[in-house]
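Q: What follows is a single structure, and I will ask about it in a moment.
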Amino acid sequence: EGAKKNLLSEIDDFDFKSVRDKAVSLWSDAVSKIWIEGGSEEDKYNFYTALYHTMIDPRSFTDVDGSYRGGDNQIHKTDKFTKRTIFSGWDVFRSQFPLQTIINPEIVNDMVNSLIELADETNRGYFERWEFLNSYSGCMLGNPAISVMVDAYNKNIRNFNVQKGYNIAKVTSEKFGNQQLGFNTFKGAISSTLELSYTEWCMSLFADSLGYTEDAEKYRRLSKSYVNVFDHEKRWFRPKGEDGNWVEPWPEKGRLTQDYGSRESNPYQQGWFVPHDIEGLCALLGGKKAALADLNNLFKNVPKDMMWNDFYNHANEPVHHVPFLFNRLGAPWQTQYWTRQICKTAYRNAVKGLVGNEDVGQMSAWYALSAIGIHPIAPGENRYEITSPVFNRIEIKLDSKYAKGLTFTIIANNNSDENIYVQSAKLNGQNWNNCWITHDQIVAGGVLELEMGKYPNKGWGLKPKEKTN
């Protein structure tokens, strides 16, 4: 009955041309939320294909009358949100949902509502890690739904039951977190411990916002759990067993050993995932200079085709934030260089157009954000790192329900395949020497204007202290 209502509502005349024309019109409207000028024809094909990919999921699971099948297998009805499904959490919390917080905040709100209601309907009381048509796949690791919800909340996307969301997030953290052992051994002690440390940091932000000071302190402490799987003798992260001892032996390839305490990665790749405490990570690695040297080594060994490898492996998600770490380590020109290289090499208008799985829009969302010149490191904080845009002019349409401004524009003057380095910047006409921008500044509307050049300006984007060092 519901399917018939949907059909008659959406396709009433069964005229192929009119249905096709309507689909073209709807998708044209959707991808026009970001308007670009400049770049090559190849770049434009890549960009709008990517943007299209980012809007396929999470798809609507709601009939035209607001009915949907819930996690209890019963029919529910709502006019407050659209029930959505296909939440590839471990992939999409990194770029896909941060992109949607800017261009489709209502969809983010829908997904948070859907995850909250699903946890309620199933009586499990915790968030699904990888949800598929109300089914819990258990795929991958971490607690990515917490990241998505806290990022939404901190970006004023809050039309959901916040208290219920917090309670479910707390149950999720207690059940799957680091507190039992001070680290985690599920699907790889390095991957699990580090990714849970990050979402425990997200929980500390959420608890602070809601006034739960004891919880906030507890989760801040747990967010440091990544330290517990760092082996100072080997000078890198290493898996522990439940007995608290290192998993032996240290492999012949060392931190380059795939799946040694890591999921779909090796310790070298996964070990950079401490987005919430980069200063703490640098301290473990021997200081900022030592961390920067090791980060350079990670990229120096990447194959030219960017296909699966043991170093910076763009083909899979654990490293997707890593090119932007140069911004935090005092070398923003290297973020600019590497994001342009990745956009050029890892994305092509071809049958094998991606170096890895699309992963429900994550791979393309990384490109869409990087190509317009911004990307987060730690969703949950409202900071986006500024990098080198592929295009000369980008105009982002903002949602008036969630934004004060109508549009946010990024202009890259003198931009080209050679002129990839930011020389200087202005935000709304005022000099801007930060290599980052906040979500609030974007949704307020305005213009970020970048002057581009052929050679790095190693002074732009740095604090005075960083320049002298």
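Q: Ignoring ligands, DNA and RNA, what percent of the accessible area of segment 286-358 is carbon or sulfur (1.4 Å)?
A: Working: 1570 of 2860 Å².
Heavy-atom surface of segment 286-358 belonging to carbon and sulfur, 1.4 Å probe: 55 percent.
Q: Hey, any idea what % of segment 9-48's accessible area is carbon plus sulfur with a 1.4 Å probe? Can you show the working numbers first?
A: Numbers: 1680 of 2900 Å².
That fraction is 58 percent.
Q: Now, a different point. At q = 0.17 Å⁻¹, what log₁₀ I(q)/I(0) does segment 1-155 have when each alpha carbon counts as one equal point scatterer in the Debye sum?
A: Debye intensities relative to I(0), on a log10 scale: -1.09.
Q: Give me D for segment 84-127 in µm² s⁻¹, whole number, from Stokes-Einstein with Rh from the Kirkwood sum over alpha-carbon pairs, 25 °C and 0.890 mPa s. Walk me through the intermediate numbers first.
A: Values: Rh = 11.0 Å.
In µm²/s, the coefficient is 223.
Q: Turning to a different aspect of this structure: Any idea how far the Cα center of segment 265-284 sits from the one of segment 26-61, in Å?
A: Cα centroid to Cα centroid, the span is 32 Å.
Q: Starting from 0.36 nm per residue, how many nanometres of slack lie between Lys289 and Asp399 once their C-alpha separation is accounted for? Show your work: numbers first, answer last.
A: Values: separation 110, 0.36 × 110 = 39.60 nm, distance 4.15 nm.
This chain segment gains 35.4 nm when fully extended.
Q: Could you give the spread of the C-alpha atoms of segment 171-271 along their three principal axes, from largest to smallest, in whole angstroms?
A: Result, largest extent first: 49, 25, 22 Å.
Q: Ok, one more. Counting only protein heavy atoms and using a 1.4 Å probe, what share of the accessible area of segment 188-253 belongs to carbon plus sulfur, as a whole percent? Spell out each step's value before the answer.
A: Working: 1400 of 3080 Å².
Carbon-and-sulfur percentage of accessible area, whole number: 46.
Q: Return the Cα extents of segment 119-158 along principal axes one, two and three, sorted largest first, each rounded to a whole Å.
A: On the principal axes, segment 119-158 reaches 29, 23, 16 Å in Cα extent.
Q: Cα centroid distance between segment 170-212 and segment 395-440, in Å?
A: 34
Q: Gain in length, Leu26 to Thr213, computed as 0.36 nm per residue apart minus the alpha-carbon separation, to one decimal in nm? If you can, show how the numbers build up before the last one.
A: Values: separation 187, 0.36 × 187 = 67.32 nm, distance 4.61 nm.
Separation in residues times 0.36 nm, less the Cα-Cα distance, equals 62.7 nm.
Q: Further question on the same structure: Going by the alpha-carbon gyration tensor, a ≥ b ≥ c the square roots of its eigenvalues, is segment 11-67 rounded (a/c under 1.5) or, if a/c is not under 1.5, prolate (a/b greater than b/c) versus oblate?
A: Values: a/c = 3.14, a/b = 1.69, b/c = 1.85.
Oblate, since a/c reaches 1.5 and b/c is not below a/b.
Q: Near the amide H of Gly373, under 5 Å away, which other amide H atoms are found, from residues 5 or more places off or on another chain, if H is placed in the peptide plane?
A: Sorted by chain and number, the residues that satisfy this are Val390.
Q: Also, quick follow-up: For Tyr136 and Glu279 in the same chain, what is the full-extension length gain: residue separation times 0.36 nm, less their Cα-Cα distance, in nm?
A: Here the answer is 47.9 nm.
Q: Based on the mean of other beta carbon atoms within 10 Å per residue, what is the order of 143-153, 243-253, 356-366, most packed first?
A: Numbers: 143-153: 27.1, 243-253: 11.1, 356-366: 22.9.
Put in order of decreasing packing, that is 143-153, 356-366, 243-253.
Q: Give me the three principal axis extents of the chain from the C-alpha atoms, as integers in angstrom, largest value leading.
A: Ordered largest first, the chain gives principal extents of 68, 57, 45 Å.
Q: Using a Förster distance of 25 Å, how high is the FRET efficiency between Glu252 and Lys352, based on the Cβ-Cβ distance and rounded to 0.05?
A: Numbers: r = 32 Å, r/R0 = 1.28.
Taking R0 as 25 Å, the efficiency between Glu252 and Lys352 is 0.20.
Q: Right, next: In terms of the Cα gyration tensor, with a ≥ b ≥ c the square roots of its eigenvalues, is segment 347-436 rounded because a/c is under 1.5, prolate because a/b exceeds b/c, or oblate? Each step should come with its number before you reach the end.
A: Values: a/c = 1.81, a/b = 1.27, b/c = 1.43.
Because a/c hits 1.5 or more and a/b fails to exceed b/c, segment 347-436 counts as oblate.
Q: On to the next question. Counting only Cα, what are the radius of gyration and maximum Cα-Cα distance Dmax of segment 305-362, in Å?
A: 11.9, 38
Q: Roughly what % of Cα-Cα distances in segment 167-206 sit above 16 Å, to the whole percent?
A: On the way: 211 of 780 pairs.
The proportion of pairs with Cα distances above 16 Å equals 27 percent.
Q: Next up: Would you mind calculating the relative contact order of the chain from Cα pairs under 8 angstrom and at least 6 residues apart, reporting the percent as a whole number? If you can, show how the numbers build up before the last one.
A: Values: 887 pairs, mean separation 69.4, N = 469.
After rounding, I find 15 percent.
Q: Show that you can apply the helix-only estimate: for the chain, add -39,500 (n - 2.57) for every DSSP H stretch of four or more residues, divide by all residues, and state [θ] at 222 nm to the nearest 500.
A: Details: 18 runs with 190 residues, N = 469.
Theoretical 222 nm ellipticity from helices: -12000 deg cm²/dmol.
Q: So if I place +1 on the C-beta of Lys and Arg and -1 on the C-beta of Asp and Glu, and nothing else carries charge, what would the dipole magnitude of the chain be about its Cα centre? I want it in debye, nearest 20. The partial results should precede the final answer.
A: Numbers: 53 positive and 58 negative charges, 235 e Å.
Roughly 1120 debye, rounded to the nearest 20.
Q: Ratio of segment 398-469's C-alpha Rg to 2.2 N^0.38 Å, to two decimals?
A: Numbers: Rg = 14.0 Å, N = 72, 2.2 N^0.38 = 11.2 Å.
Ratio of Rg to 2.2 N^0.38 Å for segment 398-469: 1.25.
Q: Does segment 226-337 come out rounded, prolate or oblate by the C-alpha gyration tensor, with a ≥ b ≥ c the root eigenvalues, rounded set by a/c under 1.5 and, if not, prolate when a/b is larger than b/c and oblate if not?
A: Details: a/c = 2.02, a/b = 1.31, b/c = 1.54.
Cα axes put segment 226-337 in the oblate bin.
Q: Residues of segment 251-380: accessible area per residue at 1.4 Å, in Å²?
A: Ligands and nucleic acids excluded, the figure is 32 Å² per residue.
Q: With every protein chain left in place, what is the accessible area per residue of segment 80-239 in square angstrom, probe 1.4 Å? Walk me through the intermediate numbers first.
A: Values: 5060 Å² over 160 residues.
Per residue, segment 80-239 has an accessible area of 32 Å².
Q: Can I ask one more? Work from the charge dipole of the chain (Cβ charges, +1 for Lys and Arg, -1 for Asp and Glu, about the Cα centre) and give the residue of Asn123, Ile372, Gln362 farthest towards its positive end.
A: Ile372
Q: Checking the table Lys289/Lys463; Lys289/Lys344; Lys83/Lys155; Lys4/Lys83; Lys44/Lys80 against a 25 Å threshold on Cα-Cα, which pairs fail? Provide the component values of the computation, followed by the final result.
A: Details: Lys289/Lys463 16 Å; Lys289/Lys344 28 Å; Lys83/Lys155 21 Å; Lys4/Lys83 19 Å; Lys44/Lys80 36 Å.
As for pairs spanning more than 25 Å Cα to Cα, those are Lys289/Lys344; Lys44/Lys80.
The values are calculated or read from the model by the stated rules, or taken from the named source; none is laboratory data. Here the structure is a predicted model, which means the values were calculated and not measured. We place every Cβ from the backbone using ideal geometry, glycine too, and count neighbours over all the protein chains shown. Areas reflect the complete protein model, heavy atoms only, side chains present, ligands, DNA and RNA absent. Shrake-Rupley method; radii C 1.70, N 1.55, O 1.52, S 1.80 Å.
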